[in-house]
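Trainee: Sharing a structure with you now.
The values are calculated or read from the model by the stated rules, or taken from the named source; none is laboratory data. In this text the structure is predicted, and so the values were computed from the model without any measurement. A quick note on method: Cβ atoms are made from the backbone with ideal geometry, for glycine too, and the neighbour counts reach across all protein chains shown.
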Amino acid sequence: MRTILHVGTHKTGTTTIQQFANRRAPQLREAGLWYPGYDLIGLKRHPAHHDFSHAVAGTLSTLTFEQANDFVAAIARGAGDAGHVLLSAEPIYRHVIPEKTKTTEEYWAARDAYIARLAEVTAPLEPEILIVLRRQDDFSRSLYQENVKARHMRQDFRSFLKSRLANFQYLEQINLFKKYFKIVDIAIFEDLAEDGQLLRNFFHHIGIEIGKIDKIAEFNESLPIELVEFKRQLNRADLSKQQLASISRALLDIGQVEGFPRGSDLDWIPASEMTAFMDRFAEANAQIFAMMKNPPGRDTLFPPGRVRTEVFEGLSMERFKAINALVLQRILADGAR
């Protein structure tokens, strides 16, 4: 039995992969891949294994640490003729022990502690790690948007890059996994997502051919840059998490309305700054490329990025009012149903 522990990163199609694997679990089992759920230990099944990753960290979870160990034991007992077992939880990429750290040194020690505990808990499965990487510039944009939209971040983009630098230090993250796991497999998101075939390419990468794919909705939709900034401003207001979540849902709906610039030329910072941000990882990315078992058919880890030449200057008061009116209309309409 080969166990693949898919650890993210975030914003690399993880939710779509997890939803598909959960919905098609019986068909995947017939193809030789088992995507186990918490029903193995008498709990409610979830599309992803986030709660398992949280339990290992000792943070708030529907699973206790003891149940996380029970889950692993149940998988080891129940694999049967499944040639592959897949566990998928991108929070593995961010968890630390302890949860709060102040310095860079404390962060990396806490990351080491989490990955060490993860290795100890999953030892009966002898898993290999699968980590999917995305260009740091695109990853930073997408991760920032997600944190503003769903986690109610208040920071501006520059502050975010500075405070989350470790998220983009792929080589250091990979080397920590290599310290505790025998196999660390690396895939590139841009290659997996090529031609809109993320699901087919992901499962092919781990040795499973999924055949015909029924259409599945995309998850974690992106927002136009104006709506991200609108939400960031509201995150600074005295609103509850429930109220902010309601606003996020409204923004996702109105984001489909024409008039919001999504253009490829618009960015949070000047192109020169983003180029400098990518350049700081050039040497490390080259080292990752050299360690890949099946590297991409090019000379670099990632394909060329898209240069964005225009900088988003923020929301005018008039634009803020216009978006606010759309949000209120959407929320009031939903409340009247």
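Trainee: Would you check which residues across the range 120-134 are more than 11 Å from the chain's Cα centre (by Cα), closer than 19 Å to Phe189 by Cβ and either surrounded by fewer than 23 Cβ atoms within 10 Å (Cβ to Cβ) or outside the structural domain of Ala76 (by TED's automatic domain parsing) (or both) and list them?
Mentor: The answer is Glu128, Leu130.
Trainee: Another question, then. From the list Ala276, Ala284, Ala245, pick out the single residue that is surrounded by 13 or more Cβ atoms within 10 Å (Cβ to Cβ) and under 30 Å from Glu172 (Cβ atoms). Steps first, answer last, please.
Mentor: Details: Ala276 fails: surrounded by 13 or more Cβ atoms within 10 Å (Cβ to Cβ); Ala245 fails: under 30 Å from Glu172 (Cβ atoms).
Within the list Ala276, Ala284, Ala245, the selection yields Ala284.
Trainee: Related question: Please go through the range 19-56 and give me each residue that is touching a Lys or Arg at 6+ places or on another chain (Cβ under 8 Å) and farther than 24 Å from Lys212 by Cα, ordered by number.
Mentor: Scanning the range 19-56 gives Tyr38, Asp39, Val56.
Trainee: Answer yes or no as to whether Val96 is without any contact (Cβ under 8 Å) to a residue 40 or more places away in the chain, surrounded by 16 or more Cβ atoms within 10 Å (Cβ to Cβ) and not in a helix (DSSP H, G or I).
Mentor: Numbers: without any contact (Cβ under 8 Å) to a residue 40 or more places away in the chain: yes; surrounded by 16 or more Cβ atoms within 10 Å (Cβ to Cβ): yes; not in a helix (DSSP H, G or I): yes.
Criteria met by Val96.
Trainee: Need at least 1 residues that are in contact with a Gly (Cβ under 8 Å, 6 or more places away or on another chain) and at pLDDT 95 or above per element, so show me which helices (runs of 4 or more DSSP H) inside the range 25-89 make the cut, counting only ones lying wholly within it. Give the steps one after another, and end with the answer.
Mentor: Values: elements: 25-30, 50-57, 65-78.
Counting at least 1 such residues, we get 65-78.
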